[in-house]
Amino acid sequence: MEDIENIELAYLSLDDYQELKAAMIESYSSMPDSYWREHQIETLLKQFPEGQVVIKINNQIAGCALSIIVDYNKLDDAHTYKDITGDYTFNTHNKNGDVIYGVEVFVKPEFRGLRLGRRLYDYRKELCERLNLRGLAFGGRIPNYHKFSSELSPKEYIDKVKRKEIHDPVLNFQISNDFHPTRVLKNYLEGDSNSEDYAVLLEWDNIYYEKKEIKAATTKKIVRLGLIQWQMRPYNDLDELMQQAEYFVDAVSGYRSDFALFPEFFNAPLMAKDNNLAEPDAIRNLAKHTAEIVQRFSKLAISYNINIITGSMPEIAEDGHLYNVGYLCRRDGTTERYEKLHVTPDEAKVWGMEGGYKLEAFDTDCGKIGILICYDSEFPELSRLLADQGMDILFVPFLTDTQNGYSRVRHCAQARAIENECYVAIAGSVGNLPKVHNMDIQFAQSMVFTPCDFAFPANGIKAEATPNTEMILIADVDIDLLRNLNQFGSVKNLRDRRKDIFELRKK
């Protein structure tokens with residue numbers, strides 16, 4: 001896990017078979033003969049290629065999900081695994097069916113704990129929504145049931161698992177991923193002695209499903225933002241700080257957010273132990289934690305399947321200069337660095353901090369984004385350059401100590417949304433740090449801004465947090481609305497620029 005360089009969700013290929021076979025044998029050590037033969041995988045790929053996916057870590061198969069489509073109304077309530085797969089031929093697949101039935105999900109033992117199973121289920125849910133199907137279903141094993149079978153019926157066992165009185169690793173995982181048990185299946189999987197040959201039929205309902213004869217499905221690019229309004233409080237060490245950070249990542253990830261945004265200098269509480277030092281020395285000591293924080297955030301991004309914007313932290317360059325920087329930690333394991341270009345007079349005077357030079361939009365699995373740290377949002381040229389690179393969402397991590405400073409960031413950020421026909425998300429810190437010089441008090445209200453046109457809120461505010469309160473803010477933004485605005489908006493700020501009399505370019 002320490003050497004993860006890349007995580008990729010990919011369609012399964014027949015060329016992957018030998019590696020897939022070895023992975024299945026390793027994953028089902030208690031049932032060594034339980035692996036799919038090559039001709040069976042070939043059948044699945046021909047019938048339903050989109051339903052067969054693998055997760056690869058460093059180009060090595062780490063997990064797999066296999067699926068078919070069935071007509072759910074024709075499904076026997078007491079079906080077995082052999083029934084649902086057509087005696088393992090998959091002739092039960094029906095391209096005109098209405099439910100995706102999960103045939104297989106596994107994660108290799110060495111990669112468990114990274115929430116890869118959740119990522120595979122999320123893919124199935126998204127595929128279900130994209131294909132406009134009613135939902136998902138599968139027979140879930142209950143591998144701990146054999147320990148209680150002499151005293152509990154399968155129904156009683158399931159009820160106790162749901163009430164957290166008994167821990168079942170498989171069933172607990174399914175329930176935590178929004179699947180609900182509907183019935184007990186007897187003699188479901190032959191040879192599954194740990195489950196006493198029982199299984200639980202688990203279902204997930206697609207709330208966006210529309211009957212095909214009534215209305216065709218419409219696919220939109222909806223991106224969910226998770227903003228963290230961070231409470232400044234004392235922490236004993238880096239571990240305690242990152243435990244709190246993981247708590248918030250877990251919270252916004254639980255709502256299936258695509259991004260988690262932290263504020264500027266969220267790690268400032270760690271300077272308390274250096275309060276006896278001069279401010280420039282204290283901030284440079286804080287910078288010593290930056291590399292490890294980035295590494296930990298990258299692991300959280302992978303584990304919770306979410307893109308994390310780390311706010312900002314001090315960083316000392318090879319030439320000894322001090323900069324204010326942050327990192328985009330993508331959920332595929334890659335990272336990008338961004339810099340604060342305009343440091344405030346206070347940052348320069350008190351800490352000896354310098355402005356950076358790097359400005360670019362970043363590609364993500366949710367489109368292009370830009371990130372400007374606090375004061376940078378008050379310089380319209382920067383966001384316009386990012387918009388010219390195709391930015392759809394601008395993230396602004398900030399730190400302000402007074403309402404005056406906050407108002408500058410807020411109103412400038414809202415202007416950026418209108419000027420550049422994009423969404424702007426800002427997140428700041430609240431509370432106080434009386435034992436940290438130059439970081440005494442905080443004022444913040446995290447928000448998500450939109451352009452001001454008919455498809456958006458009239459006041460240009462999509463969502464807003466309660467001022468000066470520790471909380472998260474979740475908001476969905478529709479990228480297709482930006483495309484429509486660019487073509488058919490009441491005004492077209494990007495297209496109507498007078499490029500015949502002025503130009504903007506980066507040196």
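Remarks
- Within the stretch 423-434, not a single residue is in contact with a Leu (Cβ under 9 Å, 6 or more places away or on another chain) and farther than 20 Å from I308 by Cβ.
- Each residue in the stretch 365-379 was checked for being crowded, with 20+ Cβ neighbours inside 10 Å and touching a strand residue (DSSP E or B) at 6+ places or on another chain (Cβ under 6 Å), and 7 pass.
- Pair list, Cβ < 9 Å and 6+ apart or interchain, from the stretch 291-318 residues that are over 25 Å from R224 (Cα atoms) to residues that are of a type in the set (S, T, N, Q) and part of a strand (DSSP E or B): P314/N324; E315/N324
- Among (1) aliphatic (A, V, I, L, M); (2) within 24 Å of G367 (Cα to Cα); (3) touching a Leu at 6+ places or on another chain (Cβ under 7 Å); (4) crowded, with 17+ Cβ neighbours inside 10 Å, the one test that L504 misses: (4)
- For the stretch 453-477, filtered to residues that are surrounded by fewer than 17 Cβ atoms within 10 Å (Cβ to Cβ) and among the small types (G, A, S), the residue that is nearest to S490 (Cα to Cα) is A455.
- Top-ranked residue in the stretch 422-452 [being over 18 Å from A268 (Cα atoms) and touching an Asp or Glu at 6+ places or on another chain (Cβ under 9 Å); ranked as surrounded by the most Cβ atoms within 10 Å (Cβ to Cβ)]: S446
- Set D122, D159: member being in contact (Cβ under 8 Å) with a residue 60 or more places away in the chain, assigned by TED's automatic domain parsing to the domain that holds Y11, in a helix (DSSP H, G or I) and surrounded by fewer than 18 Cβ atoms within 10 Å (Cβ to Cβ): D122
- Breaking point among (1) surrounded by fewer than 18 Cβ atoms within 10 Å (Cβ to Cβ); (2) under 31 Å from the mean Cα position of the chain (by Cα); (3) farther than 24 Å from S253 by Cα, for K164: (3)
- Matching residues in the stretch 342-351 - criterion: being of a type in the set (A, V, I, L, M, F, W, C) and crowded, with 19+ Cβ neighbours inside 10 Å: V343, W351
- Selection status of D346, assigned to a helix (DSSP H, G or I), over 32 Å from the mean Cα position of the chain (by Cα) and of a type outside the set (A, V, I, L, M, F, W, C): yes
- Filter result for V99 (β-branched (V, I, T), closer than 27 Å to Y255 by Cβ and under 22 Å from the mean Cα position of the chain (by Cα)): no
- All of (1) more than 27 Å from the chain's Cα centre (by Cα); (2) charged (D, E, K, R); (3) modelled with pLDDT of 95 or more hold for K507 with one exception: (3).
- The stretch 466-486 residues that are free of Cβ contacts under 8 Å to residues at least 60 places away in the same chain, paired with ones that are acidic (D, E) (beta carbon under 7 Å, 6 or more apart): none
- The conditions of being buried (at least 22 other Cβ atoms within 10 Å of the Cβ), closer than 30 Å to L116 by Cβ and of a type outside the set (V, I, T) are met by R331.
- Being farther than 30 Å from I302 by Cβ and part of a strand (DSSP E or B) is a condition met by at least one residue of the stretch 433-445.
- Residue check for S27: among the hydroxyl-bearing types (S, T, Y) and over 28 Å from L185 (Cα atoms): no
- Residues that are touching a residue at least 60 places away in the same chain (Cβ under 8 Å) and of a type in the set (F, W, Y), drawn from the stretch 26-62: Y28, W36
- Pick from the stretch 63-88, criterion of a type in the set (G, A, S) and in contact (Cβ under 8 Å) with a residue 24 or more places away in the chain, ranking: farthest from R331 (Cα to Cα): A78
- For the stretch 76-119, the candidate set comprises residues that are of a type in the set (F, W, Y) and assigned to a strand (DSSP E or B); within that set, the residue that is modelled with the lowest pLDDT is F106.
- Remark: P49 matches the filter, which requires a residue to be modelled with pLDDT of 95 or more and either of a type in the set (G, A, S) or in the same structural domain as Y101 (by TED's automatic domain parsing) (or both).
- Checked against (1) within 15 Å of C422 (Cα to Cα); (2) in a loop (DSSP other than H, G, I, E, B), N484 passes all but a single condition, namely (2).
- Candidates Q60, Q52 - the one that is under 23 Å from the mean Cα position of the chain (by Cα) and buried (at least 19 other Cβ atoms within 10 Å of the Cβ): Q52
- For beta carbons closer than 9 Å, sequence separation of 6+ or different chains, a first residue in the stretch 410-428 that is over 14 Å from K462 (Cβ atoms) and a second that is in a loop (DSSP other than H, G, I, E, B) and β-branched (V, I, T), the qualifying pairs are G428/T400.
The values are calculated or read from the model by the stated rules, or taken from the named source; none is laboratory data. Please read these numbers as outputs of a predicted model, since none were measured by experiment. Glycine also receives a Cβ, built like all others from the backbone with ideal geometry; neighbour counts cover every protein chain displayed.
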